[in-house]
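Read through the structure below, which is laid out as structure tokens, and then see the notes.
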Amino acid sequence: MLVACTVIALVTLGYLLVHSAHFDVLQPAGAVAKSEKSLLIFAFSIMMLVVIPVFIMLAVFGWKYRAGNNKKVDYRPEWHEHKLLEAIWWGIPIIIILILATTTWITAHTLDPYRRLDSKAAPVNVQVIALQWKWLFIYPDLGVASVNELPVPVNTPIHFTISADAPMSAFWIPALGTQIYAMNGMSSQLNLIADHVGAFPGYNTNINGEGYAKMKFNVYSKIDKDFSSWVESARKSPNMMDEQMLQKISQPSTMDGTSYMLMDNNLYNKVIMKYMKGTASDKDNSTTSMQHDMLNMEGM
Amino acid sequence: MDWQWLIGRMNLSYLPHEPITMGAAIGMPLTLVAIAAALTYFKKWGYLWREWITTVDAKRIGIMYGSVALIMLARGVFDALMIRSQTAVGGPGGSQLFNTDTYQQVFTSHGVIMIFFVAMGLMFALFNIAVPLMIGTRDVAFPFLNAVSFWLFFAGMILVNGSLIFGGFSIGGWLGYPPLTELQYSPGPGVDYWIWSLQVAGIGSLLSGINFFVTILKNRAPGMTFMRMPIFVWSVLVTTVLMMIAFPILTGSLALLSLDRLMGMHFFTSMGGGNPMMYVNLIWAWGHPEVYILVMPAFGIYSEIVATFSRKKLFGYKTMVIALIAIMFFSFIVWQHHFFTMGSGADVNAFFGIMTMIIAIPTGVKVFNWLFTMYRGRITFASPMIWFMCFAVTFTIGGVTGVLLAVPAIDFQVHNTLFLVAHFHNVIIGGVVFGYIAAITYWFPKMFGFHLHEGLGKAAAYFWQVGFLLSFMPLYALGLMGAVRRLDNYSDPSWIPFFIVSAVGVVVVGIGIACQLLQIAYSIWKRKELHATSDPWDGRTLEWSVPSPAPFYNYAIIPEVSRVDEWWYQKQEGVKAPKDSDYKDIVLPKNTSFGFVIGMTAFVGSGALIWHIWWLVVVSFIAIVVMIIMRTMDDFTEYTIPAAEVMRMDKEARA
């Protein structure tokens, strides 16, 4: 009966898998996420080379050498060493791990979140600030900003710099790939690209207080013309993003998507500097040197 | 009048408000009152005090560890049920069964309780029960320290559960990353409860680690060289090395965090020069070895069980030892894989990823060795062996997803999602929990003189296995769909069925646990019919040479060892009855109340720290120091049983 239950459960589950869900990680919408997906499938397949034989042996040995087996089978209570066999099962995992290790080394570099993506299009810079409990996106070169919605031009690399004015949070768009932590006083980097038009959900993956589960945003990948018209409309928006507005939205709360006209190009750095003050001595001109250090930390 | 100096920051607003926590806050004290009433009615207080609370007998301490851990398992699974009930109804337009704050406290306490008070508790239970018997000694190296360790563990356990009644628990997850757990974001007592319960229990664990390390080094029976030790003992030895290196890091990092919170320092704050990334590194420098601390004894247990129930010598003893040592070594240089997404460079990520994968090699070799122990054996599928089979399947799946997570560029897409949650439950439930339950079933007759009911045990194993698959396979899928961990609500309707299946899975696991509780109750009731001989499984190692239940002195005559599986070969050659002249005087440690009192004082002192009652902190601290000095001055901590009396008791037990 238990076996039957399991089978029914698995079949039901399989049905659900096929019919209703969208697997953002396995159905990627960008080059980075695509490479990560193929890596996942490659690593999974190569491990099956060991796992499947293990499961077969487990079943066969368990059945064949059971105490109640009436057929005469070999029983050798003292047999406990075999150099060749042991060499085989040290050897095969070592070969598999060698292959995986090489792949790991290469992909850790090619898929390094800090690495700029190869593309003919000039990248769009987006500064991301995690707040309690919403995401602020600043487009410093375009003079616009938004909360919890992230319009991006399709087929154009996006260069994110990411910080926080909140407990440690993490920025993740599963359909585009690679998440990275957002931390106070620090600036992380991430490079992503969307290769088709659409709307994709984005999440915070690190617990940062009460509103954590609601700290979601939407990515809208648009053709250039639509993206430009969004930028235009945001520039004309009555909502202005300046220090005052930032202060207001930094209060713990959840928010819907909103666009802003960007009034202060230096907001992102100001948020980072807020956390640097405790270390800066107040008598010299250390602000500039601190800022210099902070920018260097991006490479960390 | 101002009472603050007396009661610190306690006030009535810290009483619970949610119906579910109020229920617990009323239910727990009522249960305690009921137990106290029963003890009074049956006049058992004296028995409890003399035979259990003041005991320094490792077997009894082991049984107490096990009992606490099983009660905590029930609490932890109830937490899991709350979490998965909420996610089952938390879809778009769904409802909150309880508020988010409570939900976040529940997943934090679920993690803390399952790791510290269930897994660690069961592990110490098994160390205490099996190690002295397996190495042919009468007790651990430091019996009094052993009692102190247990009562510190107990104090930590009361703190976690006490937070339900007064003050609430941390919301920061089981490892409590700052700055969320710093004063700036969490000024209340919850994080302090979390810190001090871990701190007190952690110090207990460190002391136990030292104790068993020394026990194995110094107390082995004559002739038992390292390469003649049972593999379980080997696994405990490498585990205790990990404990002695890793636990001070936990103590240190928690101490720094508590200095931040108590004295406004800035080790891990975002401002004032603090750096939370330092904490993340430190806590995982302990946290990663910690998971190996839990799983390596389980590996040892499987090695004993597979050999015993296949009635065959363990395949590749030397390889098993090498594999254990390799895992021990590598487990210290992989911690960064828990935060590939914190922005380290590609070289660092790649290094730690590759080191992590390397651990898969010795682990895989162990699996092959178990398989080839079964090969050409005569396998009896008693319930411990069923648990092993469930382990072999479940743990292998967990290993595969573990290697996936070890590739940084894959981890970037599944880190902190339910895929990760599914992975570590896969290895911890499949590896650790199944192993420890198997071990309890295996050694139960040695402790109590009767078996656990086999049918109920097997039923429990099947329910656990099916429940596990139902709970966690959907979580892998959800992770790949983008569901992150620790959510109480979500807006994608297609996630709902997966969360419902997962909740059903928890219920099925709950049925498995119900089978186990029933199994224990039924077996106690039918203990005459389930009577066990001294060697019920036809075992291979020394513990099966003493009567069941094992006498308080373990061995009337200390055995001599000349090979691995000494008892197995002695049986084949014919066990010789001891001569009267073989019996010698036995020296054993006396019971003492100091262990209990020190533990309870540590509880009071921690409570005082949580509530900022400074005078009580000072008093408790001084009291503990004074008690340690008093105990050290006591020269009469042992007593002697004359040889004649030993002989009489031994003959009676063997009759």
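A short reminder: the numbers here are calculations on the coordinates, not readings from a lab. On a predicted model such as this, the values are computed, not experimentally measured, just so you know. Positions of Cβ are generated from backbone atoms using ideal geometry, with glycine treated the same way; all protein chains shown enter the neighbour counts.
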Seminar exercise, completed: In vacuo Debye sum over C-alpha of the range B:344-383, base-10 log of normalised intensity I(q)/I(0) at q = 0.14, 0.24, 0.30, 0.33 Å⁻¹, listed in q order, is -0.52, -0.80, -0.93, -0.99
Exercise. So what's the net charge close to B:Thr417: Lys and Arg +1, Asp and Glu -1, counting the other residues with Cβ under 12 Å from its Cβ?
Worked result: 0
For this session: Could you work out the mean count of beta carbons from other protein chains within 10 Å of each residue's beta carbon in A:269-275?
Result: 1
Exercise. Arranged by the count of other C-beta atoms within 10 angstrom, fewest first, what order do B:Val575, B:Val295, B:Val68 take?
Worked result: B:Val575, B:Val68, B:Val295
Exercise. What's the exposure ranking of B:Trp525, B:Trp335, going from fewest to most Cβ atoms within 10 Å?
Worked result: B:Trp525, B:Trp335
Problem set entry | A:Asn239 long-range amide H proximity, modeled H, under 5 Å | A:Met261
Exercise. Which of A:Phe217, A:Phe200, A:Phe23 moves most in a GNM of chain A, Cα contacts under 10 Å?
Worked result: A:Phe23
Exercise. The range A:207-241: which trypsin sites (Lys or Arg not before Pro) are DSSP loop and have at most 11 other beta-carbon atoms within 10 angstrom?
Worked result: A:Lys236
Seminar exercise, completed: If one compares the long axis through the Cα atoms of helix B:614-633 with the longest principal axis of the Cα atoms of chain B, the angle in degrees, nearest 10, works out at 10 degrees
For this session: Using the Karplus curve 6.51 cos²θ - 1.76 cosθ + 1.60 with θ = phi - 60°, work out ³J(HN,Hα) for each residue of the range B:568-573 in order, rounded to whole Hz, and write x for Gly and Pro.
Result: 4, 6, 4, 5, 5, 7
Problem set entry | Rel. contact order, % - alpha carbon contacts under 8 angstrom, at least six apart, chain A | 19 percent
For this session: Convert each backbone phi in the range B:242-253 into a coupling constant with the Karplus relation 6.51 cos²θ - 1.76 cosθ + 1.60 (shift: θ = phi - 60°), then list the ³J(HN,Hα) values in order as whole Hz, x for Gly and Pro.
Result: 4, 4, 5, 8, 7, 5, x, 5, 4, 4, x, 5
For this session: Determine the relative contact order of the range A:129-237: mean sequence separation of Cα pairs under 8 Å and six or more apart, normalised by residue count, in whole percent.
Result: 31 percent
Seminar exercise, completed: From fewest to most C-beta neighbours within 10 Å, the residues A:Tyr203, B:Tyr522 line up as B:Tyr522, A:Tyr203
Problem set entry | Charge dipole (debye, nearest 20) of the range B:440-535; +1 at Cβ of Lys and Arg, -1 at Cβ of Asp and Glu | 260 debye
For this session: Report relative contact order for chain B in percent, whole number only (criteria: Cα-Cα under 8 Å, sequence separation at least 6).
Result: 19 percent
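Counting Lys and Arg as +1 and Asp and Glu as -1, each charge on the Cβ, what is the dipole of chain B about the Cα centre in debye, to the nearest 20?
Result for chain B is approximately 1540 debye, rounded to the nearest 20.
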Exercise. Taking the Cα atoms only, what angle lies between the long axis of helix B:19-41 and the longest principal axis of chain B, rounded to 10 degrees?
Worked result: 30 degrees
Exercise. For B:Leu48, what is the net charge nearby, where nearby means another residue's Cβ is under 15 Å from its Cβ and Lys, Arg count +1, Asp, Glu -1?
Worked result: +2
Exercise. Cα axis of helix B:143-165 to longest principal axis of chain B: angle in degrees, 0 to 90, nearest 10?
Worked result: 30 degrees
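For chain A, what does the helix formula give at 222 nm: sum of -39500 (n - 2.57) over DSSP H segments with n ≥ 4, over the residue count, nearest 500 deg cm²/dmol?
-13500 deg cm²/dmol
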Exercise. At 4 °C and 1.567 mPa s, what whole-number value in µm²/s does Stokes-Einstein give for the translational diffusion of the protein assembly as shown, with Rh from the Kirkwood sum over Cα pairs?
Worked result: 43 µm²/s
Exercise. Which distance in Å, rounded to a whole number, links the C-alpha centroids of the range B:81-137 and the range B:556-633?
Worked result: 28 Å
Seminar exercise, completed: Sorted by chain and number, the residues with a modelled amide H under 5 Å from that of A:Asn184, at a separation of 5 or more or across chains, are A:Ala164, A:Ala166
Exercise. For the protein assembly as shown, with only Lys/Arg (+1) and Asp/Glu (-1) charged at the beta-carbon, what is the dipole magnitude about the Cα centre, in debye rounded to 20?
Worked result: 2580 debye
For this session: Positive end of the charge dipole of the protein assembly as shown (Lys, Arg +1 and Asp, Glu -1 on Cβ, about the Cα centre): tell me which of A:Phe160, B:Ile428, B:Leu39 has its Cα farthest that way.
Result: B:Leu39
Problem set entry | Rounded to 5, the percent of DSSP beta bridges in the protein assembly as shown classed as antiparallel | 70 percent
